[in-house]
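What follows is a short report on a single structure.
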Amino acid sequence: MSTPKRICIIGSGNWGSVIAKIVGNNVKDNGNFVTEVKMYVYEEMINGRKLTEILNTDHENVKYLPGHKIPENVIAIADPKEAAKDADILVWVLPHQFVRGICKALAGSVKKDCIAISLIKGLDISEKGLDLISNVIREQLGIECSVLMGANIAPEVANENYCEATIGCKNREMGLLLKSMVQTPYFRIVVIDDEHTVELCGALKNIVAVGAGFVDGLGYGDNTKAAVIRLGLMEMVKFAETFYPGSKMDTFLESCGVADLVTTCYSGRNRRIAEQVVKTGKDIKTLEKELLNGQSLQGPPTAAEVNTMLCQKNMEEKYPLFTAVHKICKGELKPIAFIDCLKNHPEHLDDDMPSPAQL
Ligand SMILES: NC(=O)c1ccc[n+]([C@@H]2O[C@H](COP(=O)([O-])OP(=O)(O)OC[C@H]3O[C@@H](n4cnc5c(N)ncnc54)[C@H](O)[C@@H]3O)[C@@H](O)[C@H]2O)c1
Ligand SMILES: O=P(O)(O)OC[C@H](O)CO
């Protein structure tokens, strides 16, 4: 049997805290892993106490996952380098906006044979163009990186309601090791090798969820939302086929695909804030601050990142739903324009029929 692996969780938000609970409990009776799990925590003061101190004494993330105990073998550390220095496995679970900063802090200091798994739903944009977050981790740290995505609204998983997730990992043995780190009787994992598509599903569904929130805010009901989900899924598939040739369509049938799209469009934070944008007329940043208590939306920045790339390639019109979501988030279009976007989607344009706008 190989030496037990040391785990470090990079992130301690809403999902990060649920994963800390799962991993902390799983390692206790699993000889594959060292029982102590370190967790990088972005330090902040809560009622005069440091969040790391609260986590290490009360074993609860009172800000990001109140009401749930995190096992005592999970140790909160405010310095990412200190938290990750001995790790054999890095579990990345931060809002994607912060990944490059933490990679920079860790560069050159992680173990050479360390591996990573990213639970982060988002994309990266740099002067080199649009990229997967797992690629940023691979390149910045020089390590392998798998992904885990699924229909996993964090508070529901924290309550141990049954759900599923998908690990994307090209190396089967590594995938099964990672599965043993996170699987529980209520959190069932399927390992597949199509890691790029798994990650794309997790990132792109957040854009669609913002669109679902707009139609909820407009009071259009579930048939319209189903259309958003269908047209959004078609753009997700087209995006994967166009920019990641070799993507497998079966992957969209895993938890990371249709299942996550549906749950996010009904219950996620992206949906909720987008609905409020329409109902209150406030902008996304204001609502994020007012309603999410420090949690972070991934849909609007992902829509912006995708849009930057589509503009560079002159392909905005080929992804009208992604484009409309971005423009509404930026205040360049009114939310009601989203309905026109659905009506005039290329899916509905028949060569010998007038478009709804012409009728
Ligand atoms: N919450 C969910 O239901 C859920 C479920 C599945 C996947 N995810 C994905 O997991 C990832 C993490 O989401 P989450 O819900 O754990 O986070 P979150 O939305 O709760 O984000 C807040 C976290 O960001 C940290 N933070 C704030 N500023 C920071 C900085 N400058 N540097 C580093 N960290 C900083 C905060 O301390 C906190 O830990 C996201 O990509 C999300 O899409 C979330
Ligand atoms: O709350 P959201 O919209 O960030 O979505 C959370 C998860 O990604 C759902 O699987």
If Lys63 satisfies every condition in (1) within 25 Å of the chain's Cα centre (by Cα); (2) on the phi > 0 side of the Ramachandran plot; (3) not aromatic (Phe, Trp, Tyr) but one, which is the exception?
(2)
Please go through segment 300-316 and pick out each residue that is of a type outside the set (S, T, N, Q) and assigned to a loop (DSSP other than H, G, I, E, B).
Lys313, Met315
Return the pair list, or none, for Cβ contacts closer than 9 Å from residues in segment 12-32 that are more than 16 Å from Ser180 (Cβ to Cβ) and open to solvent by 10 Å² or more (accessible area, probe 1.4 Å) to residues that are away from ligand 1 (no atom under 16 Å from the Cβ) and not hydroxyl-bearing (Ser, Thr, Tyr), at least 6 apart or on different chains.
Lys21/Lys69; Lys21/Pro71
Checked segment 339-359 for anything of a type in the set (S, T, N, Q) and at pLDDT 70 or above; matches are Asn344
Taking segment 257-302, which residues are farther than 26 Å from Leu200 by Cα and surrounded by fewer than 18 Cβ atoms within 10 Å (Cβ to Cβ)?
Lys279, Thr280, Gly281, Lys282, Asp283, Thr286, Lys289, Glu290, Leu291, Asn293
Taking segment 203-231 as the region of interest, how many residues are out of contact with any Phe, Trp or Tyr (no Cβ under 8 Å at 6 or more places or on another chain), crowded, with 24+ Cβ neighbours inside 10 Å and among the small types (Gly, Ala, Ser)?
3
What number of residues within segment 225-241 satisfy the criterion of being more than 13 Å from Val262 (Cα to Cα) and touching a residue at least 60 places away in the same chain (Cβ under 8 Å)?
4
Scan Leu94, Leu106 and give me the residue that is under 30 Å from Gln312 (Cα atoms) and either within 16 Å of ligand 1 (Cβ to nearest atom) or in contact with a Pro (Cβ under 9 Å, 6 or more places away or on another chain) (or both).
Leu94
In segment 118-131, anything within 16 Å of ligand 2 (Cβ to nearest atom) and out of contact with any Cys (no Cβ under 7 Å at 6 or more places or on another chain) is listed as Leu119, Ile120, Lys121, Gly122, Leu123
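Table: residues versus (1) within 16 Å of ligand 1 (Cβ to nearest atom); (2) within 22 Å of His196 (Cα to Cα); (3) not charged (D, E, K, R).
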site: Phe252; (1), (2), (3): no, yes, yes
site: Cys256; (1), (2), (3): yes, yes, yes
site: Leu261; (1), (2), (3): yes, yes, yes
site: Gly268; (1), (2), (3): yes, no, yes
site: Arg272; (1), (2), (3): yes, no, no
site: Gln276; (1), (2), (3): no, no, yes
site: Ile284; (1), (2), (3): yes, no, yes
site: Glu288; (1), (2), (3): yes, no, no
Tell me, which residue of segment 139-157 that is near ligand 1 (Cβ under 9 Å from one of its atoms) and surrounded by fewer than 18 Cβ atoms within 10 Å (Cβ to Cβ) is farthest from Gln295 (Cα to Cα)?
Glu156
Sole exception among (1) within 16 Å of ligand 2 (Cβ to nearest atom); (2) at pLDDT below 95 for Asn30, by number
(1)
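The values are calculated or read from the model by the stated rules, or taken from the named source; none is laboratory data. Only a predicted model underlies this, so the values are computations on that prediction, with no experimental measurement involved. FYI the Cβ positions are ideal-geometry reconstructions off the backbone, even for glycines, and counts take in every protein chain you see. For accessibility, only protein heavy atoms count, side chains too; no ligands or nucleic acids. Shrake-Rupley method; radii C 1.70, N 1.55, O 1.52, S 1.80 Å.
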